[in-house]
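Notes to accompany the following structure.
The values are calculated or read from the model by the stated rules, or taken from the named source; none is laboratory data. Just so it is clear, the model here is predicted, and its values are computed rather than measured. Here the Cβ positions follow ideal geometry from the backbone for every residue, glycine too, while neighbour counts run over all protein chains shown.
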Amino acid sequence: MAESPAAYTDATGKRKTAIARVRLKLGSGSMLVNNKPVAEYFPREVHQILIREPLEVVDAVTRYDIVATIRGGGPAGQAGALRHGISRAIQKLDPEQRPALKSRGLLTRDARKKERKKYGQKGARARFQFSKR
């Protein structure tokens, strides 16, 4: 039996070099990330709190089932990408939640990335040691 188009929604979230593809549907509140429970994939409590934030803002912690696929980046970037993807999916499924999500800055893509290393320098901003004499 195929699901109706309004039963779920897909969204993409990004942060640093991490990309999260999120599928949100009405359910009991289960969350799978790369076929693992969220607590197993993100063992740090800080990341779990970050991920749950959009659901808590719209008071829907147990309303949606979430299945996500994340690629690239590290744990913090992946958690941020998942948070962004969940926020966008909630907004897609229920447009009335947009003001609540937007006021908390959850729909804004965090564009900060690692700055590239420059030639003639030790790093992005760090210079090689300079000696006048």
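Computed values, structure above
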quantity: Cβ-Cβ under 8 Å pairs, at least 6 apart or on other chains, region 102-126 side in contact (Cβ under 8 Å) with a residue 24 or more places away in the chain and under 20 Å from Q78 (Cβ atoms), far side of a type in the set (A, V, I, L, M) and in a loop (DSSP other than H, G, I, E, B); calculated: K114/A124
quantity: Residues that are small (G, A, S) and assigned to a helix (DSSP H, G or I), drawn from region 33-65; calculated: A39
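Per-residue answers, yes or no, for (1) under 18 Å from R104 (Cβ atoms); (2) in contact with a Gly (Cβ under 6 Å, 6 or more places away or on another chain); (3) surrounded by fewer than 18 Cβ atoms within 10 Å (Cβ to Cβ); (4) at pLDDT below 95:
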{"site": "A6", "(1), (2), (3), (4)": "no, no, yes, yes"}
{"site": "L26", "(1), (2), (3), (4)": "no, no, yes, yes"}
{"site": "S30", "(1), (2), (3), (4)": "no, no, yes, yes"}
{"site": "K36", "(1), (2), (3), (4)": "no, no, yes, no"}
{"site": "E45", "(1), (2), (3), (4)": "no, no, yes, no"}
{"site": "V58", "(1), (2), (3), (4)": "yes, no, no, yes"}
{"site": "T62", "(1), (2), (3), (4)": "no, yes, yes, yes"}
{"site": "G72", "(1), (2), (3), (4)": "no, no, yes, no"}
{"site": "G80", "(1), (2), (3), (4)": "yes, no, no, no"}
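Matching residues to (1) touching a residue at least 24 places away in the same chain (Cβ under 8 Å); (2) on the phi > 0 side of the Ramachandran plot; (3) touching a strand residue (DSSP E or B) at 6+ places or on another chain (Cβ under 6 Å):
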site	(1), (2), (3)
D10	yes, no, yes
V22	yes, no, yes
G29	yes, yes, no
P54	yes, no, no
T62	yes, no, no
I70	yes, no, yes
